[in-house]
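Input: a single structure, listed below in structure tokens.
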Amino acid sequence: MSGQQEQLQAEDMVFELLSELGNLYLEIGNYDKAVEKLKKLVDLGETEPKAYQNLSKAYLLKKQFDNEAMKIFEKTLEIDPQNALIARVLSQAYLKDQRDDEQAFFVYQKSLQLEPNQLDELYPKIVALALQKQNHQRIIDFINQYNHD
């Protein structure tokens, strides 16, 4: 076995160990340790959706919503666009911070798509953002979508 193959096997073992430790800490309720291990896993380059989903879950259970957690939530939604919980968490945080960029627009729409019961809260924000950007076609498309649904 070549040195490069041995190194790849060692890296795989490290990734697997960090994943298992993070998940174990998550299961037993030690969210600080779960975040530590899962964050290290992601920082080392793990791209599996499950790693981001579990790290997001650890942040949620830890009730950590700082910039570090928000970036992980955003990445989680990017790789798992059907994750209604993460979409809702992001949209609520963006509403609270009055965020009005393209990322916020995407999250508001995604959150509304996944959980239509948020219509009263998100509809005005989405229309206001589109008006602010003077994107009338976006408003028309959005209104047509919800008039049709």
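The values are calculated or read from the model by the stated rules, or taken from the named source; none is laboratory data. Please read all numbers here as calculations on a predicted model, not as lab measurements. Note that each Cβ is placed from the backbone with ideal geometry, even for glycine, and that neighbours are counted across all protein chains shown. These accessible areas exclude ligands, DNA and RNA; they are computed on the full protein's heavy atoms, side chains included. Shrake-Rupley method; radii C 1.70, N 1.55, O 1.52, S 1.80 Å.
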(request) Could you look through segment 91-121, keep only residues that are aliphatic (A, V, I, L, M) and within 18 Å of the chain's Cα centre (by Cα), and pick out the one that is farthest from residue 76 (Cα to Cα)? (result) 95
(message) Which condition from (1) farther than 27 Å from residue 93 by Cα; (2) open to solvent by 90 Å² or more (accessible area, probe 1.4 Å) is the one that residue 67 breaks?
(response) (1)
(message) Residue under question is residue 120, and the condition is that it be modelled with pLDDT under 85 and in a helix (DSSP H, G or I); does it hold?
(response) yes
(request) Quick one: in segment 105-127, of everything that is hydrophobic (A, V, I, L, M, F, W, C) and open to solvent by 50 Å² or more (accessible area, probe 1.4 Å), which residue is farthest from residue 49 (Cα to Cα)? (result) 119
(request) List every residue pair whose Cβ atoms sit under 9 Å apart, with the two residues 6 or more apart in sequence or on different chains, where the first one lies in segment 56-80 and is in a loop (DSSP other than H, G, I, E, B) and the second, anywhere, is aromatic (Phe, Trp, Tyr). (result) 63/31; 64/31; 65/59; 65/73; 66/59; 80/52
(request) Only residues that are buried (at least 16 other Cβ atoms within 10 Å of the Cβ) and not in a helix (DSSP H, G or I): list them for segment 81-104, please. (result) 83, 99
(message) Restricting to segment 36-64, count the residues that are open to solvent by 70 Å² or more (accessible area, probe 1.4 Å) and farther than 17 Å from residue 11 by Cβ.
(response) 6
